[in-house]
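Structure, as structure tokens:
The values are calculated or read from the model by the stated rules, or taken from the named source; none is laboratory data. In this text the structure is predicted, and so the values were computed from the model without any measurement. Here Cβ is always computed from backbone atoms with ideal geometry, including for glycine, and neighbour counts include all displayed protein chains. With ligands, DNA and RNA removed, areas are computed over all heavy atoms of the protein, side chains included. Shrake-Rupley method; radii C 1.70, N 1.55, O 1.52, S 1.80 Å.
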Amino acid sequence: MIIPDDDLDAEFPLGDGTADLVAEVHCPYCGELSEIGLDPGSGAHQEYVEDCPVCCQPWRIEVHYDDTGAADVSVEPENLS
């Protein structure tokens, strides 16, 4: 099945290769600077949990992509219930 380019652009608006693929963030626990990989194919707004590669504490990461593919990334401590 061949999908027209217009349908692909609608389904994957950040998939043209210009979206940010990495971000540098500071761990909210230990303060270390780390580079994390981003996945623009997962949507314009994302929330997920990832552990710090230095101190192993869990982060809550939010990623917001704008129309140009620039990513705004925030990292907060994960609240454990």
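Rank these residues by their accessible area, most exposed first, probe 1.4 Å: 65, 29.
The most accessible residue leads, giving 29, 65.
A crude spin-label estimate for the pair residue 42 and residue 55, with each label 7 Å from Cα along the Cβ direction, gives 2.2 nm. Loop-located GluC sites (Glu not before Pro) across segment 28-73 with a Cβ neighbour count of 16 or fewer within 10 Å are 32, with loop assigned by DSSP. Here the spin labels are modelled as points 7 Å beyond Cα on the Cα-Cβ line, and at residue 33 and residue 72 they lie 2.3 nm apart. P(r) for segment 23-69, from all Cα pairs and a bin width of 5 Å, is 5, 20, 31, 21, 13, 8, 1 %, short bins first. Note on surface exposure: 54, 63 rank 54, 63 by accessible area, highest first, 1.4 Å probe.
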